[in-house]
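Here is the structure we will look at, set down as structure tokens.
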Amino acid sequence: MVRTIDDAPCRLTVCRGCCCGTRKKVPGVDHEAQLARLGSIDDHAARRVPMRTSKCLGICFQADVVVVQPSGTGRAAGGRPVWLGRITDDELLEAIDDWIFEGGPGLAPLPEALVDHVTSKDAKKPKKPKGAKHSKAEKKKRKKDKKREKEKKAKAEKREKKAGKGGGAA
């Protein structure tokens with residue numbers, strides 16, 4: 001049987017390079033088992049879903065990243081690639097498997113378990129919250145106040161020293 005593009009199964013691209021798939025970036029995950037699990041997914045027509053690995057998909061802060069490409073039929077129905085980030089639990093792998101079995105992008109709704117994991121190739125790393133910002137004027141004022149406080153303390157110590165020497169001579 002000759003397969004046409006229209007009946008091509010979903011495809012997976014799994015990031016496994018600089019960060020994704022490493023214990024350093026995502027400790028506590030059996031990355032080899034995860035890759036094997038993703039590579040064993042079949043669709044509803046019992047076709048093995050092709051999986052390829054990529055050295056880096058560029059959104060390392062979302063490690064581990066998996067992109068689910070729609071099947072030919074899913075693409076014809078309007079399905080587009082879905083980028084998923086932080087795919088680190090077995091239940092998420094199971095949700096991907098179930099979704100692909102049901103048809104995947106364009107044919108089946110995204111499973112609830114994956115909703116919070118949808119990302120994009122253009123995702124921006126969230127900025128870390130910074131402490132309260134102070135203007136330059138406020139910083140200058142604090143510095144000046146510290147300096148005045150230091151000078152007052154030094155004058156007070158000098159007076160005490162002077163008073164101690166003068167008071168002991170009488």
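Among the residues of the range 35-63, those identified as farther than 13 Å from Leu12 by Cα, of a type outside the set (A, V, I, L, M, F, W, C) and under 19 Å from the mean Cα position of the chain (by Cα) are Lys55, Gly58, Gln62.
In this structure, is Leu114 assigned to a loop (DSSP other than H, G, I, E, B) and either at pLDDT below 90 or within 30 Å of Ser71 (Cα to Cα) (or both)?
no
For Ala123, the conditions (1) assigned to a helix (DSSP H, G or I); (2) more than 22 Å from Arg48 (Cα to Cα); (3) among the hydrophobic types (A, V, I, L, M, F, W, C) are fulfilled apart from (1).
Is it true that Gly103 is farther than 22 Å from Leu35 by Cβ, surrounded by 12 or more Cβ atoms within 10 Å (Cβ to Cβ) and either at pLDDT 90 or above or among the aliphatic types (A, V, I, L, M) (or both)? Please lay out each step first, then the result.
Details: farther than 22 Å from Leu35 by Cβ: yes; surrounded by 12 or more Cβ atoms within 10 Å (Cβ to Cβ): yes; either at pLDDT 90 or above or among the aliphatic types (A, V, I, L, M) (or both): yes.
Yes; evaluated as a whole, the condition is true for this residue.
The values are calculated or read from the model by the stated rules, or taken from the named source; none is laboratory data. A quick note: this is a predicted structure, and the numbers were derived from the prediction, not measured. Cβ sites come from the backbone with ideal geometry, for glycine too, and all protein chains shown count toward neighbours.
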